[in-house]
Amino acid sequence: MSYEFILVHEELAPFVAGVQLNRPKELNALNLQLMSELRSALEDLDANDAVRAIVIFGNERAFAAGADIKQMAGKGAIDMLKIDQFSTWDSIRRIKKPIIAAVSGFALGGGCELTMLCDMIVASETAQFGQPEINIGVMPGAGGTQRLTKAVGKARAMEMVLTGNFISAEEAKEAGLINKVVPVELFLDEAIKLAKRVAEKSPIAIQLAKESVLKSFDSGLQEGLFFERKNFYTLFATEDQKEGMAAFIEKRKPDFKNK
Ligand code: DAK
């Protein structure tokens, strides 16, 4: 199958496949089509017996700088509800095979949330993780307030979500968000190396082990995610969301009115 915004590498190494996010000019901003292509590619790889582990990566400058603000800017709460992107994100969460994110450059907003949907994260020294949705008048909507808090703890998650500040790969490693930091030229190789070690094990044991770790990690998460979703949709009814996203597109500072 051919895709517009991703590249599928069926064999990066024996039993290891890769999916590359490929909208480099837009810093791999995750538009609806890209996410739907990613879901479809991952589901195909999940069903392919020749694949035992999957690596998702972008390029040196960006893993992904978030959901596509230009695509979201004009949407209202009901538009967002009807588009129901969550079904795509939930399908990615249900992929049974282990997924490793190889991150260099920006992993922001939905990009950071996508790395957290993966099972392990290898980052280059230049990687930056952040949830900057607050700068454009909204908040994380795909697990950023829940998975991030579980991964890095309340203090750091609050700071990231409320200030929009990014953290470096070193800080992310120290906080427990990611597995490994490597020089930029090695980030993909190291992720493949990790994927190969996983791919050497029994696929069925890997599948059940992954499921079990996620079970423990996810306990109590559903309630938090539904809560987060309602709040996220609600923000699309505000003027501040329109202003924040318009300001981004027009390359100016937003003037928030608390409306
Ligand atoms: N969306 C659209 N375009 C983006 C983008 C984004 N998120 N990020 C960057 N771009 C575009 C820029 O507009 C620019 O395009 P042109 O002006 O050249 O046409 C191009 O990529 C290069 O970006 P910059 O010129 O800005 O590059 P800089 O190096 O100066 O700055 C930056 C890089 C990453 C700091 C900056 O681009 C930036 O602040 N980007 C926005 C980051 C951000 O706010 N991300 C959070 C977006 S909100 C959901 C699931 C997930 C989400 C929502 C719902 N559901 C399941 C419902 C997620 C929401 C988000 O992620």
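Note the full-extension length gain between GLU250 and VAL213 as 0.36 nm times their separation in residues minus their Cα-Cα distance, in nm to one decimal.
Full-extension gain reported as 9.0 nm.
Expressed in Å, the radius of gyration and Dmax of the Cα atoms of the stretch 145-222 are 15.3, 43.
Computed on the chain, with alpha-carbon pairs under 8 angstrom and 6+ residues apart, the relative contact order is 20 percent. Using a cutoff of 8 angstrom between alpha carbon atoms and counting only pairs six or more residues apart, the relative contact order for the stretch 199-259 works out to 22 percent. Could you name the lysines in cross-link range of LYS70, using Cα to Cα under 20 Å and dropping any fewer than eight places away on the same chain? Straight-line reach from LYS70, under 20 Å: LYS25, LYS82, LYS242, LYS251, LYS253.
Evaluate E = 1/(1 + (r/R0)^6) for LEU186 and LEU7, where r is the Cβ-Cβ distance and R0 equals 22 Å; express this FRET efficiency to the nearest 0.05. Kindly include the intermediate steps, with their values, before the conclusion.
Numbers: r = 20 Å, r/R0 = 0.91.
Calculated value: 0.65.
Using the Cβ of LYS173 as centre and a radius below 14 Å, the other residues enclosed give a net charge of -3, where K and R count +1 and D and E count -1.
How many percent of the accessible area of the stretch 94-195 is carbon or sulfur, using a 1.4 Å probe? Numbers along the way, then the final one.
Working: 2030 of 3720 Å².
Heavy-atom surface of the stretch 94-195 belonging to carbon and sulfur, 1.4 Å probe: 55 percent.
Just to be sure I understand: if I project the alpha-carbon convex hull of the stretch 26-65 onto a plane and average over all orientations, what area do I get in nm²?
For the Cα atoms of the stretch 26-65, the hull's average projected area reads 3.1 nm².
With a/c under 1.5 counting as rounded, go ahead and sort the stretch 100-148 into rounded, prolate or oblate using the C-alpha gyration tensor (a ≥ b ≥ c being the square roots of the eigenvalues; past the cut-off, prolate if a/b is larger than b/c, else oblate). Oblate shape, in that a/c is at least 1.5 and b/c is the bigger or equal ratio.
Can you run the Rg to Rh ratio on the chain? Use alpha carbon positions and the Kirkwood inverse-distance Rh.
Numbers: Rg = 17.6 Å, Rh = 18.4 Å.
Value, to two decimals: 0.95.
For GLU159 and ARG94, what is the calculated FRET efficiency with R₀ set at 35 Å and r taken between the beta-carbons, to the nearest 0.05? It comes to 0.70.
Quick check on the chain: helices-only [θ] at 222 nm, where DSSP H runs of length 4 and up contribute -39,500 (n - 2.57) each and the sum goes over total residues. Nearest 500, please.
Values: 12 runs with 120 residues, N = 259.
Dividing the helical sum by the residues of the chain leaves -13500 deg cm²/dmol.
Between the beta carbons of SER87 and SER202, assuming R0 = 30 Å, the FRET efficiency works out to 0.45 to the nearest 0.05. Sparse packing (at most 15 other Cβ atoms within 10 Å of the Cβ) combined with a DSSP loop state is found for the following GluC sites (Glu not before Pro) in the stretch 119-217: GLU125, GLU200. Dipole magnitude for the stretch 1-119: computed about the Cα centre from +1 point charges on Lys and Arg Cβ and -1 point charges on Asp and Glu Cβ, it is near 280 debye.
For LYS196, the aspartates and glutamates whose Cα comes closer than 13 Å to its Cα, not counting residues fewer than 8 places off in the same chain, are GLU11.
Within the same chain, aspartates and glutamates fewer than 8 places from LYS257 are excluded, and of the rest, those with a Cα less than 14 Å from its Cα are GLU239, ASP240, GLU243.
The values are calculated or read from the model by the stated rules, or taken from the named source; none is laboratory data. Worth saying up front: this structure is predicted, and the values here are computed from it rather than measured. Backbone-built Cβ (ideal geometry, glycine too); neighbour counts: all protein chains shown. Note: accessible area is taken over every heavy atom of the protein model, side chains too, but ligands, DNA and RNA are not part of it. Shrake-Rupley method; radii C 1.70, N 1.55, O 1.52, S 1.80 Å.
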